[in-house]
């Protein structure tokens, strides 16, 4: 193909504020372990004041996926809202420094909200609990969607978290129409089981009508189809989309395609920080998909990229992912 | 003693922006390896645009030392200027979250400068090259020095980098007078050989008249006394102050006290990022000093704390330092 972009991601633009906490801290402060909870500015200030010394790394789910793809030389762009403030400058720098185009108009300094941030609290077992203040990220509108960019994308990659916010659905609709109208394909990630609960109908409509590739984990897929039996939920999803890639933690991933299920196993990894596991699985999977690898290899690339990200703090890759694929005899 | 604080640090308040670079990048961009260079806002913007994806961690030399001390339960306060902006909030949070008091008045949003930051570029060999935009940190004035805090300190710890800036010397003079007037002691760190070149006379005056404990490394001490022979420079310093603690990289440190030299060896460490080695040496050394350990043990505590900080990215401790001292049979 001769399109300018292989993958264009649309998501919440977030700077992660990472700290280590004991599980008792989560209980005392009413923070649900292992999931993403939306919080307002006041709650963010309250929680931040109670957490220990932190470090800041650019995050955001689709942004992490795009950063991983850009690191591997995939032609990418990212669409998401930051403000013209210090955290916004950090987010924009890190995206462009990784090689992705990022030209979404900035929210002005006069905007009452700030650039979004996510307090990522990492437990001793490596599980992360996320409290997100969306900030200006919530206010992406259809005007922020450049149809020429969407038409110039082989794939657009839509972040489930981005269903929150007043004009999100309209922005996605505009992006999908422009992309599909030019022969492009649509990938969606379900993001989080509680996100699925908030937006099940909108997700269902998008999956049934527009999605070619669905990323999810077992918890999200069960929530989506309200069925405790993962194999049932997988088949329901596979009836609607060309490809379902469902991660199952340390067991790797199940991929449904052309009526067949393939299991891609994951190698054992010392879990340091689970943040970004699903995001980087999507990076690895897309890499295999775009380069025509078979389903098992494509799924394994997802697992290897996810394994890299959970072996250290932060959801942006540190090791060279293609080198890791080669080490695992995947390319 | 019944003073409120055991150590009060005064330094430049800096958020570190850490990235990995090849040595060729340093050469191409005229960045001197292994030292700290002051840069203005424009140069900071130019360099930042060229560096890869980064992460942000609170830094600042004296601030790192105070953070290390606070982690070990030492009663500490920190004095340094940040602005009421996002990076300033991060710096203040991390200092207080570690347990140190931090009540320096904020520079107002209308101030033309921002909170200071330091681009820390880490080479493959672990050496770091620092380009610092001091921002509002430069504008600490005597009015920011609370004499009651200085009088309530067993030790004040003065950062050599803080000699840059228009009212720095006056601010230090006020702090020293208040501290010594109440029977407190003064420690100074020379910070950097080029900092020594910029402020040799002021350093010399302070060492001769006020300093009880001098922290330095071999390069700084040679620059200070303009003598290539380290043993000569050490003796010249030892003639002026009660204690000289001079680090010598992988060889540990030499401590001069009561006319005798003690060599404290360092254990081999896999060097990941040299940032903060001297700062955390000072934390460990102060801990031994404040708790009445002998000179060798005190020096070894400095080496162990320095070894912790260079084994990971960033200049704030990750492991529990007292646990490390116990593992090394130092307490």
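Looking at B:162, B:117, just one residue is buried (at least 19 other Cβ atoms within 10 Å of the Cβ), within 14 Å of chain A (Cβ to nearest Cβ) and within 18 Å of residue B:64 (Cα to Cα), and that residue is B:117. Counted as qualifying within the stretch A:1-78 are the strands (runs of 3 or more DSSP E) with 1 or more residues that are within 12 Å of chain B (Cβ to nearest Cβ) and out of contact with any helix residue (DSSP H, G or I) (no Cβ under 6 Å at 6 or more places or on another chain), namely A:14-20, A:55-58.
Exactly one residue out of B:154, B:114, B:143 is in a loop (DSSP other than H, G, I, E, B) and modelled with pLDDT of 95 or more: that is B:114. Going through (1) in contact with a strand residue (DSSP E or B) (Cβ under 6 Å, 6 or more places away or on another chain); (2) closer than 30 Å to residue B:311 by Cα; (3) at pLDDT 95 or above one by one, residue B:184 falls short only on (2). Residues that are in a strand (DSSP E or B) and more than 15 Å from residue A:114 (Cα to Cα) within the stretch A:79-99 comprise just one, A:79. Candidates B:219, B:210: the one that is more than 29 Å from residue B:274 (Cβ to Cβ) and surrounded by fewer than 22 Cβ atoms within 10 Å (Cβ to Cβ) is B:210. Scanning the stretch A:205-219 for residues being in a helix (DSSP H, G or I) and either at positive phi or under 18 Å from the mean Cα position of the chain (by Cα) (or both) gives a total of 4. For the stretch A:309-329, a tally of residues being free of Cβ contacts under 8 Å to residues at least 60 places away in the same chain, in contact with a helix residue (DSSP H, G or I) (Cβ under 7 Å, 6 or more places away or on another chain) and more than 14 Å from chain B (Cβ to nearest Cβ) returns 2. When the stretch B:178-195 is filtered for residues that are within 16 Å of the chain's Cα centre (by Cα) and under 17 Å from residue B:157 (Cα atoms), the ones remaining, listed by number, are B:186, B:187, B:188, B:189, B:190, B:191, B:192, B:195. Within the set B:35, B:47, B:74, the sole residue that is on the phi < 0 side of the Ramachandran plot, at pLDDT below 95 and in contact with a strand residue (DSSP E or B) (Cβ under 8 Å, 6 or more places away or on another chain) turns out to be B:35. Selection of the stretch A:223-233 for residues being farther than 18 Å from residue A:208 by Cβ and assigned to a helix (DSSP H, G or I) yields A:230, A:231.
Among all positions in the stretch B:188-196, there is no residue which is touching a helix residue (DSSP H, G or I) at 6+ places or on another chain (Cβ under 9 Å), surrounded by fewer than 16 Cβ atoms within 10 Å (Cβ to Cβ) and under 20 Å from residue B:78 (Cβ atoms). Taken over the stretch B:120-135, residues that are closer than 29 Å to residue B:7 by Cβ, within 14 Å of chain A (Cβ to nearest Cβ) and surrounded by fewer than 24 Cβ atoms within 10 Å (Cβ to Cβ) amount to 1. Of all the residues in the stretch B:73-87, those that are in contact (Cβ under 8 Å) with a residue 40 or more places away in the chain and over 20 Å from residue B:275 (Cα atoms) number 9. With respect to being under 22 Å from residue A:57 (Cβ atoms), modelled with pLDDT under 95 and in contact with a strand residue (DSSP E or B) (Cβ under 7 Å, 6 or more places away or on another chain), residue A:192 fits the description.
Restricting the stretch A:86-113 to residues that are crowded, with 22+ Cβ neighbours inside 10 Å and facing another protein chain (nearest Cβ under 10 Å) leaves a set whose member that is farthest from the chain's Cα centre (by Cα) is A:86. Summed over the stretch B:159-183, residues that are under 24 Å from residue B:216 (Cβ atoms) and outside any helix (DSSP H, G or I) total 3.
The values are calculated or read from the model by the stated rules, or taken from the named source; none is laboratory data. Predicted model, so just to flag it, every value in this text is computed and none were measured. Don't worry about glycine lacking a Cβ; one is built from the backbone with ideal geometry, like all the others, and counts go over all protein chains shown.
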